[in-house]
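Q: Supplied in C-alpha cells, the structure appears directly below.
FYI, it's all coordinate maths here, none of it is from the lab. Everything numeric in this text was worked out from a predicted model, so none of it was measured. Quick reminder, even Gly has a Cβ in these numbers, built from the backbone with ideal geometry, and neighbours come from all protein chains shown.
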Amino acid sequence: MITYRLETPLGPLRALTDGLFRSGPPVILLHGWGLSPWAWGALMPPAMRRQRRWYALSLPGHLPDEAVAMPASLTTEQLAAALAQALEDLVGDEPVHLVGHSLGGFWGVCLAAYRPERLARLVLVAGSAQGSWAGALSRIQRLSRRRGGRLLFRIGYRWLTARPGRFRRLLVRLSGRPEAWAQEAGQVFFDSVYPDAKRYRPEVLLQLACEVARLDLTDHLSTMSLPVLLIAGARDPVVPLAQVHKMAARLPEVQVKVWPEVGHFPMVEAPEAVFALMESFLALESPSRI
C-alpha cells in the first residue's frame, strides 16, 4: 500500500491506495469518526480492488499522534473545501465516486452540496445529512458543553482504547449483529482500525464531534441532482432509520437499501451483500428508487 499526506484548509489528511491506475471514475472511500482509512482498504473485495482506482482518505483530525485543531466554528463549506482540495491533489479535476461511512458520509454530503461538479455518484453507508448523532454517541457530542467534559472524554477515551477488548465492545454495542465481529470481516475491520484509534488525540476527536453536531444539510438534499445510494441498518443506534427515510424523500435520484438485522456497520455486518450492491450501483447509468 502507498500512503500520501495531503495538506488542506482543515489540516493534513492521509490517503491510502495501491498505486495502480485503472480506467473509470476513481472511488474515494471515507471512514467514520474515530475509525481509520485502513479499514476500507482491508475490507474491499479483491474483485472490486482490481477493477477500480481507489483512495481511502482520512477524516480531518484523524492523524495518529498529531494534534491538529479544528476551526472554532467549523462550517459545511469548510468541510467541502478541504475535501475538494484533497481530491484535486489526488485525481485533479476528475469527478469521483464517493463512498462515505457515518461521519465520512456527512463529509460527502458537504461536497455534494457545495462542489457537486466533483462527484459522479455518492454512496452513504450508515451516513446522514446531519452532523448530530443519536444514542450513546450523542452524549459525546454534548460533552464539550459540560464543565470538565473535555477532561472526562480524554480520560474515558484513553481508558477505552487502552485494551483492545474494550474498544471491540464499543463497536459491538453499535452493531445489530454482534456475531459479525467474530467473523472474518469483523476481525479484519477491527485489526485495521484499532492501531490508529489508540493513537488518536482525544481532544481533537472531541472537537470535531462537537463542531459537526450543529451542522445540518437536510435542506440542501433536494438540490442534489447526482445519483445517491443510501445503505442503512434498521438497528443503527447512531443514524436512526427515520433519518434515512427523511433523506430519501428529499433526494431527487436515490436508491435505498435497508438491512433489518444490521446496525451502524453494514459493510462489516453484511459485507458480501453491501459490496455487491455498491459495485452494482457504481456501474449503473441511472439508479432506481426501491
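Q: Under 6 Å by Cβ, and 6 or more places apart or on different chains, what pairs join a residue from segment 213-232 that is more than 26 Å from Arg139 (Cβ to Cβ) with one that is of a type in the set (Lys, Arg)?
A: These pairs meet every condition: Leu221/Arg250; Ser222/Arg250; Pro227/Arg121.
Q: Let me ask something additional. Of the residues Gly176, Gly263, which single one is crowded, with 22+ Cβ neighbours inside 10 Å and of a type outside the set (Asp, Glu)?
A: Gly263 is the lone residue from the list that is crowded, with 22+ Cβ neighbours inside 10 Å and of a type outside the set (Asp, Glu).
Yes or no, residue by residue, for (1) over 23 Å from Gln255 (Cα atoms); (2) under 16 Å from the mean Cα position of the chain (by Cα):
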position	(1), (2)
Leu57	yes, yes
Leu74	yes, no
Ala86	yes, yes
Val91	yes, no
Val123	no, yes
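Q: Here is a further query. Here is a list: Gln207, Gln141. Which entry is surrounded by 16 or more Cβ atoms within 10 Å (Cβ to Cβ) and farther than 19 Å from Ser58 by Cβ?
A: Gln141
Q: So, in segment 96-132, how many residues would count as being within 27 Å of Glu203 (Cβ to Cβ) and either surrounded by fewer than 24 Cβ atoms within 10 Å (Cβ to Cβ) or of a type in the set (S, T, N, Q) (or both)?
A: 4
Q: Scan segment 253-275 and report the pairs whose first residue is farther than 18 Å from Ala39 by Cα and whose second residue is part of a helix (DSSP H, G or I) and of a type in the set (D, E, K, R), with Cβ atoms within less than 7 Å and a gap of 6+ or a chain change.
A: Matching pairs, first to second residue: Val262/Glu269.
Q: Continuing with the same structure: Out of the helices (runs of 4 or more DSSP H) lying entirely within segment 133-173, which hold 3 or more residues that are under 14 Å from Tyr200 (Cα atoms)?
A: 149-162
Q: Return the only residue of Ala185, Ala162 being in contact (Cβ under 8 Å) with a residue 24 or more places away in the chain, among the hydrophobic types (A, V, I, L, M, F, W, C) and surrounded by fewer than 16 Cβ atoms within 10 Å (Cβ to Cβ).
A: When all the criteria are applied, what remains is Ala162.
Q: Next question, about the same structure. Scan segment 266-280 for residues that are surrounded by fewer than 20 Cβ atoms within 10 Å (Cβ to Cβ) and of a type outside the set (D, E, K, R) and report the count.
A: 5
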